[in-house]
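Computed from the coordinates by the stated procedures, all read-outs in this text should not be read as laboratory data. These numbers were taken from a predicted model, which means no experiment stands behind them. In this analysis, Cβ positions are derived from the backbone assuming ideal geometry, glycine residues included, and neighbour counts consider all displayed protein chains.
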Amino acid sequence: MGTGIVVLREGFEASLVVGIVLAFLNRTGRRDAFFAVWIGVFAAIAISVGVGIALFAVGAELEGRAEYIFEGSAMLLAAGLLTWMIFWMRSQARTMRTNIEGRVGGALGEGSFFALAAVAFVGVLREGIETALFLFSSATGTSPLVSTISGIVGLGIALALGYGFYKGSSRLDLRRFFTLTSAILLLFAAWLLARGLEEFAEAGILPENEIVLWGTFLLLAAPTLWFFFRPLRRKKVPA
């Protein structure tokens, strides 16, 4: 399930970036610039796939203690990155469209093919590399078939939602969608942390103690979810 949710969330965020860019170009009568956007998108996808292949290739070559350390490090990195990404996205959600459209408008004003391609490239590459790292971390110790099917389903839903957003026909409540998927991914991040520590325990770096390892899951998940769902305090306006 974790793989599918990760691909769904990351894929949809990438689709949102592309959808915002394409919708802005279409609205301003610059469909001729679509080509530059797709160049940036496919370049980012190619690099992301390369990063994913490299991670799995390196992991497959390692054995014993080195393998445990490599996989544990990847899991801890993924847990930290995933948690940071969720809170960062929450803070940027309100201004995301404005910021992207501003960069696209600036690129059009300069008449720069590369600047326009870079807007899509950076947005998709960030999500793609994060996805590669998360997939590598979540695939360790799980069924490859289940992870593959889950990932394909998540990607399919993400692309459908992204297309619906671009066409303006999607009735998805983005706030609820991001809140629900963020809660699930925060639990997934806590699970990655516990699994990463377990890998270090198998490598002999940490003591093997299931209570300590899975207690870490609760220590991260509980306060992180509390901070995420804590209602923002409204600033009082002086009379």
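Assorted remarks:
- Selection from Val41, Leu55, Ser91 lying farthest towards where the dipole of the range 1-125 points positive, charges on Cβ: Ser91
- Estimated vicinal HN-Hα couplings, Hz - the range 42-53 in sequence order (Karplus 6.51, -1.76, 1.60; Gly, Pro = x): 5, 5, 5, 5, 4, 5, 4, 5, x, 5, x, 4
- ³J(HN,Hα) computed for each position of the range 87-97 - Karplus, 6.51 cos²θ - 1.76 cosθ + 1.60, integer Hz, glycine/proline x: 5, 5, 5, 4, 6, 9, 4, 5, 10, 4, 4
- Proximal charge balance of Trp214 [Cβ under 13 Å; K/R count +1, D/E count -1]: -2
- If you take the Cα centroid of the range 106-128 and the Cα centroid of the range 172-202, the two points sit 30 Å apart.
- Were the residues from Asn99 through Phe227 laid out at 0.36 nm apart, the gain over their Cα-Cα distance would be 43.5 nm.
- For the range 2-229, averaging the sequence separation of C-alpha pairs within contact (under 8 Å, six or more residues apart) and dividing by the residue count gives a relative contact order of 41 percent.
- Helix 174-202 and the longest principal axis of the Cα set of the chain meet at an angle near 30°.
- Calculated FRET efficiency for the pair Ala160/Arg30, C-beta based, R₀ 25 Å, to 0.05: 0.50
- Each residue of the range 24-36 was assigned a 3J(HN,Hα) from its phi angle through the Karplus curve 6.51 cos²θ - 1.76 cosθ + 1.60 (θ = phi - 60°); the sequence is 5, 5, 5, 5, 9, x, 10, 5, 5, 8, 4, 4, 4 Hz, with glycine and proline shown as x.
- Multiplying the residue separation of Ala46 and Phe177 by 0.36 nm and removing their Cα-Cα distance gives an extension gain of 44.4 nm.
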